[in-house]
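Student: Here it is, the structure, as structure tokens.
The values are calculated or read from the model by the stated rules, or taken from the named source; none is laboratory data. All values reported here derive from a predicted model rather than from experimental measurement. With ideal geometry, Cβ positions are generated from the backbone for all residues, glycine too; neighbour counts draw on all protein chains shown.
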């Protein structure tokens with residue numbers, strides 16, 4: 001089984017439109033920019049950086065949830081969710097905010113090296129292959145590189161992953 005949202009456009013957190021002082025820690029606001037744009041809500045990444053309370057070390061999940069609720073109002077349900085709920089959101093046509101967090105999840109000694117140590121990305125799909133679950137993301141780009149669609153094995157990264165659903169009511 002494969003589910004992918006084809007009509008979602010990624011963005012690089014290193015895009016020239018993103019303030020240079022924000023770029024290294026703009027993955028959270030960039031992820032929210034991509035997801036909100038999917039819902040036809042235009043928000044500038046630089047404004048989101050400030051409005052969501054992003055810091056030089058990134059964006060905490062609890063702060064994202066609280067501040068995004070205030071930003072978009074009662075028209076959306078915004079909450080932490082499980083993997084099963086995230087997959088259901090994708091099946092309903094909704095992207096999900098996915099956070100890799102090796103640092104604050106205290107997962108230092110895992111034998112599995114995560115795709116990212118600390119990074120927010122839009123989760124845009126999943127696929128079951130040979131009994132394993134693969135998640136599909138936009139990676140938010142790099143210096144001089146646009147965002148790319150990437151696929152990775154859930155099992156190898158599950159110890160550092162958390163999900164936030166953004167669902168129109």
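Student: With the requirement that a residue be in a strand (DSSP E or B) and surrounded by 12 or more Cβ atoms within 10 Å (Cβ to Cβ), what does the range 129-154 give you? Quick ask: steps written out before the conclusion?
Tutor: First, the residues of the range 129-154 that are in a strand (DSSP E or B): 129, 132-138, 142, 145, 149-153.
Of everything in the range 129-154, those that are in a strand (DSSP E or B) and surrounded by 12 or more Cβ atoms within 10 Å (Cβ to Cβ) turn out to be 133, 134, 135, 136, 137, 138, 142, 149, 150, 151, 152, 153.
Student: Under 21 Å from residue 93 (Cβ atoms), at pLDDT 95 or above and surrounded by 19 or more Cβ atoms within 10 Å (Cβ to Cβ), is that true of residue 123?
Tutor: Working: under 21 Å from residue 93 (Cβ atoms): yes; at pLDDT 95 or above: yes; surrounded by 19 or more Cβ atoms within 10 Å (Cβ to Cβ): yes.
The answer is yes for residue 123.
Student: Something else now. Of the residues 73, 142, 131, which is closer than 18 Å to residue 11 by Cα and more than 14 Å from the chain's Cα centre (by Cα)? So that I can check it myself, show each step before the final result.
Tutor: Numbers: 73 fails: closer than 18 Å to residue 11 by Cα; 131 fails: closer than 18 Å to residue 11 by Cα.
So the residue among 73, 142, 131 that is closer than 18 Å to residue 11 by Cα and more than 14 Å from the chain's Cα centre (by Cα) is 142.
Student: Within the range 99-111, does at least one residue satisfy the condition of being without any contact (Cβ under 8 Å) to a residue 60 or more places away in the chain and within 16 Å of the chain's Cα centre (by Cα)? Working first, answer last.
Tutor: Step one: list which residues in the range 99-111 are without any contact (Cβ under 8 Å) to a residue 60 or more places away in the chain, which gives 102-111.
Filter again for within 16 Å of the chain's Cα centre (by Cα), leaving 102.
Among the residues of the range 99-111, at least one is without any contact (Cβ under 8 Å) to a residue 60 or more places away in the chain and within 16 Å of the chain's Cα centre (by Cα), which makes the answer yes.
Student: List, please: which pairs have Cβ atoms under 7 Å, are six or more places apart or on different chains, and start with a residue in the range 1-27 that is more than 12 Å from residue 147 (Cβ to Cβ) and end with one that is at pLDDT below 95 and not in a loop (DSSP other than H, G, I, E, B)?
Tutor: 25/55; 25/58
Student: I would also like to ask the following. Give the number of residues within the range 140-166 that are within 16 Å of residue 34 (Cβ to Cβ) and touching a helix residue (DSSP H, G or I) at 6+ places or on another chain (Cβ under 9 Å). Reasoning before the result, please.
Tutor: Restricting attention to the range 140-166, the residues satisfying the condition of being within 16 Å of residue 34 (Cβ to Cβ) are 140-142, 145-150, 163-166.
Next, only the ones that are touching a helix residue (DSSP H, G or I) at 6+ places or on another chain (Cβ under 9 Å) stay: 140-141, 147, 163-166.
Of the residues in that region, 7 qualify.
Student: What residue, of 116, 100, 163, is touching a strand residue (DSSP E or B) at 6+ places or on another chain (Cβ under 8 Å), in a strand (DSSP E or B) and modelled with pLDDT under 95?
Tutor: On the way: 116 fails: in a strand (DSSP E or B); 163 fails: modelled with pLDDT under 95.
100 is the lone residue from the list that is touching a strand residue (DSSP E or B) at 6+ places or on another chain (Cβ under 8 Å), in a strand (DSSP E or B) and modelled with pLDDT under 95.
Student: I would also like to ask the following. Please verify whether residue 94 is in contact with a strand residue (DSSP E or B) (Cβ under 7 Å, 6 or more places away or on another chain) and assigned to a loop (DSSP other than H, G, I, E, B), treating the condition exactly as stated.
Tutor: Working: in contact with a strand residue (DSSP E or B) (Cβ under 7 Å, 6 or more places away or on another chain): yes; assigned to a loop (DSSP other than H, G, I, E, B): yes.
Yes; evaluated as a whole, the condition is true for this residue.
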